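K.L.:
Quick one: the structure is below, and I'll ask about it shortly.
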2 protein chains.
Amino acid sequence: MSGIKPGYIRPLDLRHGLVDLTHGAGGRASHQLIESVFKPAFASTWPEGWQAAGDDGAVLTNPLAAMPGGRLVMSTDAHVVSPLFFPGGDIGALAVHGTVNDLAMMGAQPLHLSVSFILEEGLPLADLVRVVHSMAQAAMNAHVAIVTGDTKVVERGKADGLYISTAGIGICPPGLHLSGQLARPGDAILLSGSVGEHGMAVLSQREGLRFEAPIESDCASLHGLVAHMLATPARLRVLRDPTRGGLATTLNEIASASQVGMQLDEAAIPVQDAVAAACEFMGLDPLYLANEGKLIAICDAADADALLQAMRAHPLGRQACRIGTVTDESPGFIQMRTRFGGQRMLDWLMGDPLPRIC
Amino acid sequence: MSGIKPGYIRPLDLRHGLVDLTHGAGGRASHQLIESVFKPAFASTWPEGWQAAGDDGAVLTNPLAAMPGGRLVMSTDAHVVSPLFFPGGDIGALAVHGTVNDLAMMGAQPLHLSVSFILEEGLPLADLVRVVHSMAQAAMNAHVAIVTGDTKVVERGKADGLYISTAGIGICPPGLHLSGQLARPGDAILLSGSVGEHGMAVLSQREGLRFEAPIESDCASLHGLVAHMLATPARLRVLRDPTRGGLATTLNEIASASQVGMQLDEAAIPVQDAVAAACEFMGLDPLYLANEGKLIAICDAADADALLQAMRAHPLGRQACRIGTVTDESPGFIQMRTRFGGQRMLDWLMGDPLPRIC
């Protein structure tokens, strides 16, 4: 003890300090990090009256009490995007949107998130604070509460700044059943907006590229748009957000899971001019670039127009359009009529042109 | 396409292959990893009749249907232990036990886990398979289902083999309220068994130390023991597993959260001879070493004997004993009567003598 008050610990310097191994050791420094960084930020996402007791988990009210016959949905995502900050977002916002969107694609209303951080020794505390505030903001906007968490620290050179895993639970209304296995020949394939922005925004930030028109990530929580869609009587069968692997890979997953073919119309797929130009310059295909705020919807063709109208009435679906049709030809394969009137097959993403995009 | 069947991909070599960046890209290689490694192993943990649809999340039946008035509990843990394999366990078993135990310490019956992997490029697939099988085994033993997951891959030198984050949900019976804030002066402090094995097992593996008697991690899922304890009428107030920071730090957390003092009896705290000898040799205190299969219980003193009896009737509580008493002296501080009859203060863990212990 040698003259120092037992338990004395220097206050955290959130402006100039660095993460060190003690912040993950479970002792006083871990406690300090929770009390001065995580708790104040995440408390803003909690439901009124809810308190974190500092225990090993969070006790939640029955999420199904308000929805008898509903089902619980659970999802998780790890986030390792590099760089941590990019135009239009950062790893914190992404970690919230990613799990919220996974729940939304199941038709669930997202409710609660858990978060676990893996921090690299030497990470500026200011960066951590920025990421945590961005998470809290994204969660507040999405009306989800970040209710429990964990933090580990690894030595310098054993991570890359920080990694974030989020898990989430939500509730799915009774009778609603959405799955990548449910696409049927004749169904319409809808897309909520332009593709490729997130992938290109991260890539350009990483490579230090500058374009005339800045390209921003589209990262956003999609459950509001989904709620709009579910409020229509449209017979919706599949919802999926085309993240890693892009539109092309996600459609292949659905075609494979449903054992159907698909016929797309390339000219109908919206791509921002700046993204198209950057892709051409870099030899990339926007259909394989990650999106973080777009969704694919597959529905009965008779309901496509009504569903599109509902989508366009929401800010995140203004550019919604029909991009193709589910067929019974070549189950598991995607055919696309190109802009030039030809046909090409759209395969899964092979290899990894853009690692650590989310 | 050049003569190769569209979508062709070499089968995974699970014996000699290595993880590469494509396994995290969300394309065909990711799909292959899920289908050939994760799904077959985790399917063994699923409830009968439950199916994974390959969607963005898992749809669960209402976990509270069988327990009206129950509450949902959610918890998460990141696992970065080094080395990945150690006597008595590995990172996979730890990732299951860690989250199961966090739920159990809230009095909840653990039900479902999500898992997110961060893999380092170059990790032997055989190591991944071993870890995944260990997770599946631990989950089966604990009767929890691993229902959804995610995998990312980072470049060589940006992780250390693999990291695992698990999140879990469980249900807590109506009326049960356990929290680190509920200890009261006069309460008895019980411990389920000897301390320090996990920390010493990992450390000895990491440093290549050999002891005459091998020291094995105590890692285990504690919810069975907890169920035994909850079946008694004992007025239980706090359950906590002394992981990172060890017994000393966890007791300090409780003392601080409940604003009470504690008086411990060092001689009553069981420590295996091999652990005590290794600690003495290395200048470590077993009270600060991590445990992964032990719990602290704080209950009304009048119920201590009955609760101890119930604990001792369970294989994971055979060595259960009373180690001290909650007091109203020096709130927030722990006093300990030493083996030699002196008194010393037991502070929080300061610094980090053993990074990446879990």
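K.L.:
Restricting to segment A:167-187, what's the tally of residues that are in contact with a Leu (Cβ under 8 Å, 6 or more places away or on another chain) and either buried (at least 21 other Cβ atoms within 10 Å of the Cβ) or in a strand (DSSP E or B) (or both)?
P.N.:
Residues in segment A:167-187 being in contact with a Leu (Cβ under 8 Å, 6 or more places away or on another chain) and either buried (at least 21 other Cβ atoms within 10 Å of the Cβ) or in a strand (DSSP E or B) (or both): 7 in total.
K.L.:
Among the strands (runs of 3 or more DSSP E) contained in segment B:47-166, which hold 2 or more residues that are facing chain A (nearest Cβ under 7 Å), surrounded by 22 or more Cβ atoms within 10 Å (Cβ to Cβ) and free of Cβ contacts under 8 Å to residues at least 60 places away in the same chain?
P.N.:
B:109-120
K.L.:
How many of the residues in segment A:308-342 are under 21 Å from the mean Cα position of the chain (by Cα) and buried (at least 24 other Cβ atoms within 10 Å of the Cβ)?
P.N.:
Residues meeting the conditions: 3.
K.L.:
Would you be able to tell me the number of residues in segment B:330-348 that are more than 12 Å from every other protein chain (Cβ to nearest Cβ), closer than 9 Å to B:Met262 by Cβ and assigned to a loop (DSSP other than H, G, I, E, B)?
P.N.:
0
K.L.:
Working carefully through the options B:Asp285, B:Asp305, B:Asp352, B:Asp300, find the one that is surrounded by fewer than 21 Cβ atoms within 10 Å (Cβ to Cβ) and within 30 Å of A:Leu21 (Cα to Cα).
P.N.:
Matching residue, one of B:Asp285, B:Asp305, B:Asp352, B:Asp300: B:Asp285.
K.L.:
Ok, one more. When you look at A:Ala234, is it buried (at least 16 other Cβ atoms within 10 Å of the Cβ), over 23 Å from the mean Cα position of the chain (by Cα), in contact (Cβ under 8 Å) with a residue 60 or more places away in the chain and part of a loop (DSSP other than H, G, I, E, B), yes or no?
P.N.:
Yes, satisfied.
K.L.:
Let me confirm something: among B:Ile269, B:Ile215, B:Ile254, which residue is more than 12 Å from chain A (Cβ to nearest Cβ), crowded, with 24+ Cβ neighbours inside 10 Å and farther than 15 Å from B:Leu316 by Cα?
P.N.:
That would be B:Ile215, the only listed residue that is more than 12 Å from chain A (Cβ to nearest Cβ), crowded, with 24+ Cβ neighbours inside 10 Å and farther than 15 Å from B:Leu316 by Cα.
K.L.:
Given the criteria in the same structural domain as A:Ser116 (by TED's automatic domain parsing) and not charged (D, E, K, R), does A:Ala167 qualify?
P.N.:
yes
K.L.:
Additional query: Do we find a residue being surrounded by fewer than 24 Cβ atoms within 10 Å (Cβ to Cβ), of a type in the set (D, E, K, R) and in the same structural domain as B:Leu236 (by TED's automatic domain parsing) anywhere in segment B:192-203?
P.N.:
no
K.L.:
Let me ask another. Is segment A:219-226 home to any residue that is touching a residue at least 12 places away in the same chain (Cβ under 8 Å) and over 28 Å from A:Asp305 (Cβ atoms)?
P.N.:
Yes, there is a match, as at least one residue in segment A:219-226 is touching a residue at least 12 places away in the same chain (Cβ under 8 Å) and over 28 Å from A:Asp305 (Cβ atoms).
K.L.:
Going residue by residue through segment A:2-19, is there one that turns out to be at pLDDT 95 or above and either part of a helix (DSSP H, G or I) or surrounded by 21 or more Cβ atoms within 10 Å (Cβ to Cβ) (or both)?
P.N.:
yes
The values are calculated or read from the model by the stated rules, or taken from the named source; none is laboratory data. Fair warning: this is a prediction, and the values are worked out from it, not measured in the lab. Using ideal geometry, Cβ is built from the backbone for each residue, glycine included, and neighbour counts are taken over all protein chains shown.
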